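What follows is one structure encoded as structure tokens, with my remarks underneath.
What follows is calculated from the coordinates using simple rules that are stated; it is not laboratory data. None of these values were measured; they are calculated from a predicted model. Because the Cβ atoms are built from the backbone with ideal geometry, glycine has one as well, and the counts that use them run over all protein chains shown.
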Amino acid sequence: MGFIAMKLLGSLTSPYVRKVRVVLAEKKLDYRLEMLDVWQDKASIAAVNPLGKVPCLVLDDGSVLVDSRVIVEYLDTLSPVGKLIPGLGRERAEVRSWEAMADGVLDAAVLARMEHAFTGRSAEQRSPAWVERQLSKVGAGLEAMSLGLGQKTYFAGTGVHISLADIAVGCCLAWLQFRFPDLDWATRYPNLAQLLERLEARPSFAATQPQG
Ligand SMILES: N[C@@H](CCC(=O)N[C@@H](CS)C(=O)NCC(=O)O)C(=O)O
């Protein structure tokens, strides 16, 4: 296990929190997970993140990192174990781009879901056109991911090594399965389904299945 005691604020359903937890596990870094319901406990989240979102990583000196992309980039520098982001150049940009794609698909899917799930919005205020716009991004993003992976085992380079790209895409796919079971991307994109199956067999993924 690693040497720095960190506290991760999050939930068991958030795919962004899951990405951070998977990275912590892959890197064998020690941390404590503290549940924070951003919808119920506004004061607690506002005290650590003005944006009111999880994940937040509280470091040993009390400083806080927000946003899963910032957090995982930091975590990857903490230990040479299982390097997940290439150091330089095109390969680094490639991995970060797939992460941005996976997070972007999630952002759109979360917006589509919240259009109905957010209790502050009445039935008349909900816009089917908005939901459709977001879901079209989800569909296009999935297609791009499937084309990008092709017949490779993993996304980066020649596809031999796991990277943050696979972890981000895996968390995205699993969350879509969890919250949008009718989307049925797995039938349309069998290569993505195989990737997720491969990832879910890893202890880091197995221990962080969305629950709620
Ligand atoms: N870009 C952020 C997104 C985080 C995010 O949207 N988290 C959701 C939970 S899944 C949240 O806290 N939402 C509360 C809100 O939007 O008010 C990241 O990668 O950390």
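Here region 1-55 and region 118-197 have alpha carbon centers that stand 22 Å from each other. Shown for D166, D41, D107, D61: other C-beta atoms within 10 Å of each C-beta, ranked fewest to most, produce the order D61, D41, D107, D166. Pairs from the list K42/K83; K83/K137; K28/K152; K7/K42 with a Cα-Cα gap above 28 Å: K42/K83; K83/K137.
The phi torsions of region 52-64, fed into the Karplus equation with coefficients 6.51, -1.76 and 1.60 and a -60° offset, translate into couplings of x, 10, 10, x, 10, 10, 9, 8, 5, 8, x, 6, 10 Hz, rounded to whole numbers, with Gly and Pro shown as x. The order of F118, F178, going from fewest to most other C-beta atoms within 10 Å of their C-beta, is F118, F178. Taken as entire DSSP H runs, the helices of the chain that both span 18 Å or more between Cα atoms along their own long axis and average -1.0 or more on the Kyte-Doolittle scale are 89-117, 128-149, 164-179.
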